[in-house]
Amino acid sequence: MEYVIEMLNIRKEFSGFVANDNITLQVKKGEIHALLGENGAGKSTLMNVLFGLYQPEQGEIKVKGKPVNITNPNIANDLGIGMVHQHFMLVDTFSVTENIILGMETTKGGVIDIRTAEEEVRKISERYGLAVDPQAKISDISVGMQQRVEILKTLYRGAEILIFDEPTAVLTPQEIKELIQILRTLIKEGKSIILITHKLKEIMEVCDRVTVIRKGKGIGTVNVSETNPNELASLMVGRDVVFTTDKSEANPAGDVLKIKGLAVKDSRGVQAVRGLDLSVRAGEIVGIAGVDGNGQTELIEAITGLRKAESGSVKIKGKEILNLTPRKITESGLAHIPQDRHKHGLVLNYPIGENMVLQTYYKSPFSKSGVMNFKNIYDKARKLIKEYDVRTPNEFTPARALSGGNQQKAIIGREVDRDPEILIAAQPTRGLDVGAIEFIHKRLIEQRDKGKAVLLISFELDEIMNVSDRIAVIYEGEIVAIVNPKETTEQELGLLMAGSKRKEAGEETNV
Amino acid sequence: MSNRTKNILVPVIAVLLGILVGTIIMVASGYDAAAGYTALWNGAFGDVYFTGEVIRQVTPYILAGLAVAFAFRTGLFNIGVEGQLIVGWLAAVWVGVSFDLPKVIHLPLAILAAAAAGALWAFIPGYLKAKFRVHEVIVTIMMNYVALHVTNNVIRTVLSEGKERSENIADTASLRSPFFEGLTEYSRLHWGIFIAVICAILMWFILEKTTKGFELRAVGFNEHASQYAGMNVKNNIILSMVISGTFAGLAGAMEGLGTFGYTAIKSGFTGVGFDGIAVALLGGNTAIGVVLAAFLFGSLKVGALNMPLEAGIPNELVDIIIALIIFFVASSYIIRWFIQRMSKKGVK
């Protein structure tokens, strides 16, 4: 079998840090080849080498058997290598067609010939089953559609080998299904695909072969048909990984968090949470399952004081906290792992050590009469960094420089260390690899076993099913059902989340 | 190369490039560049009188630079230093001419009045930003014009009877220093330089050492995370503008109580507040950087006055050199890129 891409013994260093150490990747024509590794294992570096953004210190790249020297992305384009980036590179105010032809516009007498271009785009999109309106504006179409535009861009440039960088990270389950269909069509039309991912499910579903890298080193390439998720996970992490989180029975005691008739409007003034009731008891984890956009964000923001609620009541251990300032709520014993760690969780320009005291800097021993005590702050930070296995060169490194998983571990360390009565974890494992996910789930359960209350919000059903002791299903701003994870199925949850069993479920809750 | 060295190297290279291009312009316009720079040097350091004048000029530059830098470090762009300086100047002189008090009370009172006036002038854009998200750049620019014309009117109608300038301030409110004057052959050097240096230390202390500074900088970097962490974002935005305005008002006091001893109707801006933006930029928005950059700008400004006398070169050329330095600092990205390339080659 002929290889379309061969990357042999690639080595890439960044000022003393070896990102790729002797990695070999061989992709056959017409296959979907997965590149699997933890966050920070060196996947993106390797692909950027292939795409001409980085020059390797050692190693050889061959395209269709011929040695090539890819010094910039234009050469990669000419060789038929196209990349679909994780963060889309699109101009929001341009139309689909304008984005696709950007940089290689078809012109007629110095004027862009948009008609011909649209025709061309339409032809390509029909051929590969990428239904998209060539005249639509990027800002008006969904994320899934935008990704199709990215794919079309590479096809328009004549790509034969397509690199997908974590393509499912931003998609809804429905869009993921459609993407998988698109990947299959592309293969049928003779393309080859490299899929960068750390999601094992996807690999098992669509890929032919998988190359695993770990901490910058190539671990090996295996056929997907001859392996299983457990083996892949242990190859990736370097030890055995347990998927179903081990936990004992919950021993719930009295209510810690009690929400009654909570009503919250979203930023556009639309009612997002409509008279929601929910309670979380000491020693249990309540998971909120629901499709994105059913009021989860507004619910968390109202509980944590980031958004004003219209009416209702939120009590922590009997004390009303609704519409208090975030500081007062924090001091009432609430900790919050925010959904968006870059927006809310961290001051990225601050050293990771100073981020560790973001809510407590004004208290002893971190400051005295308004003057910071940096020695105590960094002592604390060092302790947390060690305890929560945050991988960082040192405590003075800006939070920005840490990988997503390590940023998240730092936030969790900070929040759990305050020993809160109620911990709100909003999508705590989004974008993380299996090793980090396992770690975070363990910490949540530990917190529960200490007799604290945990409220978990996640769009990953697996996570909700695995970790929660009770599942509350949210639909259009209301809790429509409360189910026991041991007695429910993904199908049932899916139906509840879609609102189809709303009525019956509503009755159940009242029982 | 460490980041620290790079941060120092970039402004130094920018200054050298500015001087280099300035030389080319001088030569191209038919002037003797060597004579020009000699005259510039002599005009700043050739005589103790000139050096005294340099330090006198450096004083308001430091304070204006601190005002811009403080706001900038907390995520705000205070273009209104000029206006805050003008109202500070007026307030200082107003107190200076209106009261008859012993020096220990009169002088501090006049200085505090200037600080309060600057703070108030900056409070307005700070409040509008915090409350209604009105961009501070727009408001501060407009506040500059309001300050200019309001103070002119006050000078004409309140501080004098239709005259062009106020009376001289009472001696008890003056920063003038016979000691310094004797030391520098009767330059206008005054005690204000100590106030400026103390303010530089204060800014460093507030930003780097206090919990308030931790909050102010956090709000500047990421309002959302600051809110999440329980900080009061709105109050911090207002406070940051007020502190910035305080520095700017003090810069006005330096002019009113030190250099001039009176205030006069202005046909246009003093320029010190705008130069403060350049000083802050060149100084990397740090306290020590601002002091050094103010020293450079003060030397250039004062030294330039000697260029037409000694070398027959128009002193506008110095303004061009200053503009070029700012240009190169602003485009420091190019310099950084260049340094990176050079140091990479060095390793290989």
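All of the numbers you see were taken from the coordinates with simple rules; none came from a lab. Predicted, not measured: the structure shown is a model, and the values here were computed from it. Glycine gets a Cβ as well: all are built from the backbone with ideal geometry, and neighbour counts include every protein chain shown.
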P(r) tail fraction, segment A:3-237 - alpha-carbon pairs more than 34 Å apart, %: 15 percent
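For peptide A:372-382, what's the mean number of Cβ atoms from other chains within 10 Å of each residue's Cβ?
1
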Placed amide H near A:Gly287: partners under 5 Å, 5+ positions off or other chain: A:Leu456, A:Asp469, A:Arg470, A:Ile471, A:Ala472
Net dipole in debye of segment A:321-472 [+1 Lys, Arg Cβ; -1 Asp, Glu Cβ; about Cα centre; nearest 20]: 580 debye
Positive-end residue, segment A:3-237 charge dipole about Cα centroid, Cβ charges, pick of A:Val149, A:Ser225, A:Cys207: A:Ser225
Whole-Å distance, taken between Cα centres, linking segment A:272-336 and segment A:72-110: 44 Å
J(HN,Hα) series, segment A:315-320, from Karplus relation 6.51 cos²θ - 1.76 cosθ + 1.60, nearest Hz, glycine and proline x: 10, 10, 6, x, 9, 5
Fully extended contour minus Cα-Cα distance, from A:Glu249 to A:Thr397, at 0.36 nm per residue: 49.2 nm
Hz values of 3J(HN,Hα) by residue in segment B:88-98 - Karplus curve (6.51, -1.76, 1.60), Gly and Pro given as x: x, 4, 4, 4, 4, 5, 3, 4, x, 9, 8
Of A:Lys363/A:Lys452; A:Lys258/A:Lys450; A:Lys62/A:Lys108, those spanning more than 28 Å from alpha-carbon to alpha-carbon: A:Lys62/A:Lys108
Segment B:88-131: relative contact order in percent, alpha carbon pairs under 8 Å with at least 6 residues between: 44 percent
MRE, 222 nm, helices only [DSSP H, n ≥ 4, -39500 (n - 2.57), over chain A, to nearest 500]: -9500 deg cm²/dmol
Over segment A:3-237, relative contact order from alpha-carbon pairs under 8 Å, at least 6 apart, %: 29 percent
Charge-dipole axis of segment A:302-395 as Lys and Arg at +1 and Asp and Glu at -1 on Cβ define it, positive-most pick from A:Phe374, A:Ile316, A:Tyr388: A:Ile316
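Using a 10 Å cut-off around each Cβ of peptide A:207-216, what is the average number of partner chain Cβ atoms that fall inside?
0
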Residue-averaged [θ]222 nm for chain B, counting only DSSP H segments that reach four residues, each worth -39500 (n - 2.57): -24500 deg cm²/dmol
Cut-off under 5 Å, modelled amide H: who pairs with A:Ile5 long-range: A:Val27, A:Lys64
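Based on the alpha-carbon gyration tensor of segment B:60-294 and its eigenvalue square roots a ≥ b ≥ c, which shape applies: rounded if a/c is under 1.5, prolate if not and a/b is larger than b/c, or oblate?
Values: a/c = 2.05, a/b = 1.52, b/c = 1.35.
Prolate is the answer for segment B:60-294, as a/c is 1.5 or above and a/b outweighs b/c.
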Amide hydrogen neighbours beyond the local backbone of A:Ser279, cut-off 5 Å, H modeled: A:Ile259
Max mean-square fluctuation residue, GNM over chain B, Cα-Cα springs under 10 Å, options B:Val58, B:Val146, B:Val290: B:Val146
For the protein assembly as shown, projected area of the alpha-carbon convex hull averaged over all directions, nm²: 44.5 nm²
Radius of gyration, Dmax [chain A; alpha carbons; angstrom]: 24.9, 77
Whole-Å distance, taken between Cα centres, linking segment A:135-164 and segment A:407-445: 34 Å
Point-charge dipole on Cβ atoms (K/R +1, D/E -1) for chain A, about Cα centre, debye to 20: 1360 debye
Residue of B:His149, B:His135, B:His224 that the Gaussian network model of chain B assigns the largest fluctuation, springs spanning Cα pairs under 10 Å: B:His224
Reduced Cα scattering model of segment A:346-419, Debye log10 I(q)/I(0), q = 0.12, 0.23, 0.24 Å⁻¹: -0.27, -0.98, -1.06
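For segment A:233-323, count the residues as N, evaluate 2.2 N^0.38 Å, and divide the Cα radius of gyration by that value, please.
Values: Rg = 17.2 Å, N = 91, 2.2 N^0.38 = 12.2 Å.
Dividing the Cα Rg of segment A:233-323 by 2.2 N^0.38 Å gives 1.41.
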Choice from B:Thr151, B:Thr184, B:Thr246 with maximal GNM fluctuation in chain B (Cα, 10 Å cutoff): B:Thr184
Segment A:195-288: relative contact order in percent, alpha carbon pairs under 8 Å with at least 6 residues between: 19 percent
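Counting other C-beta atoms within 10 Å, and keeping those with at most 13, which DSSP coil GluC sites (Glu not before Pro) do you find in segment A:1-53?
Hits after loop and neighbour filter: A:Glu2.
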Segment A:Gln58-A:Met204, extension gain: residue separation times 0.36 nm, minus the distance between their alpha carbons: 49.4 nm
Inter-centroid distance (Cα atoms) of segment A:198-219 relative to segment B:44-88, Å: 59 Å
In segment B:156-243, the GluC sites (Glu not before Pro) that fall in loop regions by DSSP, at most 15 other Cβ within 10 Å: B:Glu161, B:Glu164, B:Glu167, B:Glu185
Trypsin sites (Lys or Arg not before Pro) within segment B:125-177, DSSP loop, no more than 15 other Cβ atoms inside 10 Å: B:Arg133, B:Lys163
Dipole magnitude (debye, nearest 20) for the protein assembly as shown, charges at Cβ of Lys, Arg, Asp, Glu: 1120 debye
Computed FRET value (nearest 0.05) for B:Ile24 with A:Lys215, which takes r as the C-beta separation and R₀ as 51 Å: 0.45
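Rounded, prolate or oblate: which fits segment B:146-248 when a ≥ b ≥ c are the square roots of the eigenvalues of the alpha-carbon gyration tensor, with rounded for a/c under 1.5 and prolate only if a/b beats b/c? Could you put the intermediate results ahead of the total?
Values: a/c = 4.51, a/b = 1.67, b/c = 2.71.
In terms of gyration-tensor shape, oblate.
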A:Thr106-B:Ile198 FRET efficiency (beta carbon distance; Förster radius 56 Å; 0.05 resolution): 0.25
Cα pair distances exceeding 20 angstrom across segment B:23-94, given as percent: 58 percent
